[in-house]
Amino acid sequence: MGGQGSGRKSVKGEAIKCLLNVQTEIIDLIYSGFDSNRSREELKTMAREIFNRIKVTLEEIERL
């Protein structure tokens, strides 16, 4: 039940994927956001978008 190859998603696996995606988004914000000539508002928008994606992913993990 729920073992390897069963097609069932592992909560731990999904959580790890979520955290890796968050890490990638934050690294992108740091290097292509803060180190650029973007305005403060653009950076806030980028951060809000990351926050919203995190929120959606956490809700998906809660459903597993």
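We did not get these values from a lab; they are worked out from the coordinates using the rules stated. On a predicted model such as this, the values are computed, not experimentally measured, just so you know. A quick note on method: Cβ atoms are made from the backbone with ideal geometry, for glycine too, and the neighbour counts reach across all protein chains shown.
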Review point. Does the range 11-63 classify as rounded, prolate or oblate by the C-alpha gyration tensor (a ≥ b ≥ c root eigenvalues; a/c under 1.5 gives rounded; else a/b over b/c gives prolate, otherwise oblate)?
Key: oblate
Review point. Label-point separation (nm) for Arg63 and Ile30, each offset 7 Å from Cα along Cα-to-Cβ?
Key: 3.1
**Study point:** Lys17 versus Lys44: modelled label distance in nm, points set 7 Å from Cα along the beta carbon direction
**Key:** 3.4
Exercise for review: Arrange Ile50, Ile30, Ile61 by Cβ neighbour counts within 10 Å, fewest through most, would you?
Suggested key: Ile30, Ile61, Ile50
